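The values are calculated or read from the model by the stated rules, or taken from the named source; none is laboratory data. Predicted model, so just to flag it, every value in this text is computed and none were measured. Virtual Cβ from ideal backbone geometry, glycine too; neighbours counted across all protein chains shown.
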Amino acid sequence: MKIVICAGLDFTDRIKEIADKLVERGHEVIIPRTSEMILNGKISLEQVMEEKGTSKFSCVSRLYLHQQCKYLQ
(Lines give C-alpha, C1' and ligand atoms only; values in the text may rest on other atoms or scores of the structure.)
Protein backbone atom coordinates (compact mmCIF):
# COMPACT_ATOMS: atom_id res chain seq x y z
CA MET A 1 0.00 0.00 0.00
CA LYS A 2 1.19 3.53 -0.75
CA ILE A 3 1.00 5.79 2.33
CA VAL A 4 1.58 9.54 2.42
CA ILE A 5 2.63 11.09 5.73
CA CYS A 6 1.63 14.73 6.22
CA ALA A 7 3.01 16.53 9.25
CA GLY A 8 4.74 19.70 10.35
CA LEU A 9 8.51 20.00 10.01
CA ASP A 10 8.89 20.01 13.79
CA PHE A 11 7.97 16.32 13.62
CA THR A 12 10.59 15.32 11.02
CA ASP A 13 12.31 12.84 13.36
CA ARG A 14 8.97 11.22 14.19
CA ILE A 15 8.04 11.15 10.48
CA LYS A 16 11.19 9.13 9.77
CA GLU A 17 10.52 6.77 12.64
CA ILE A 18 6.99 6.05 11.44
CA ALA A 19 8.03 5.84 7.78
CA ASP A 20 10.75 3.31 8.62
CA LYS A 21 8.26 1.11 10.46
CA LEU A 22 5.83 1.24 7.56
CA VAL A 23 8.56 0.39 5.03
CA GLU A 24 9.58 -2.58 7.18
CA ARG A 25 5.99 -3.80 6.87
CA GLY A 26 6.16 -3.59 3.08
CA HIS A 27 4.47 -0.25 2.43
CA GLU A 28 5.64 2.45 0.04
CA VAL A 29 5.90 5.69 2.03
CA ILE A 30 5.98 9.29 0.82
CA ILE A 31 7.07 12.00 3.24
CA PRO A 32 7.15 15.79 2.83
CA ARG A 33 9.96 16.89 0.49
CA THR A 34 11.36 19.35 3.02
CA SER A 35 11.48 16.66 5.71
CA GLU A 36 13.27 14.45 3.20
CA MET A 37 15.87 17.18 2.56
CA ILE A 38 16.39 17.68 6.31
CA LEU A 39 16.86 13.94 6.86
CA ASN A 40 19.32 13.76 3.94
CA GLY A 41 21.36 16.63 5.40
CA LYS A 42 20.76 19.00 2.48
CA ILE A 43 19.26 21.65 4.76
CA SER A 44 18.67 22.01 8.47
CA LEU A 45 15.41 22.60 10.29
CA GLU A 46 16.98 25.78 11.65
CA GLN A 47 17.61 27.08 8.09
CA VAL A 48 14.02 26.42 7.14
CA MET A 49 12.67 28.12 10.26
CA GLU A 50 14.91 31.16 9.74
CA GLU A 51 13.66 31.66 6.19
CA LYS A 52 10.05 30.71 6.83
CA GLY A 53 7.76 33.63 6.31
CA THR A 54 10.33 35.84 4.59
CA SER A 55 9.97 37.04 1.05
CA LYS A 56 13.47 35.98 0.02
CA PHE A 57 14.03 32.95 -2.21
CA SER A 58 14.52 30.25 0.38
CA CYS A 59 17.09 27.45 0.57
CA VAL A 60 14.19 25.00 0.36
CA SER A 61 12.94 26.56 -2.88
CA ARG A 62 16.43 26.58 -4.41
CA LEU A 63 17.03 22.93 -3.53
CA TYR A 64 13.59 21.88 -4.73
CA LEU A 65 14.00 23.66 -8.08
CA HIS A 66 17.52 22.27 -8.50
CA GLN A 67 16.24 18.72 -7.96
CA GLN A 68 13.39 19.27 -10.42
CA CYS A 69 15.77 20.60 -13.08
CA LYS A 70 18.09 17.61 -12.62
CA TYR A 71 15.06 15.30 -12.90
CA LEU A 72 13.96 16.88 -16.20
CA GLN A 73 17.39 16.61 -17.86
Inset, instruction - Return the total of residues in region 30-50 being closer than 18 Å to ASP20 by Cβ, part of a loop (DSSP other than H, G, I, E, B) and more than 8 Å from the chain's Cα centre (by Cα). - result: 2
Inset, instruction - Among what's in region 11-62 and is loosely packed, with under 12 Cβ neighbours inside 10 Å and among the hydrophobic types (A, V, I, L, M, F, W, C), pick the residue that is modelled with the highest pLDDT. - result: MET49
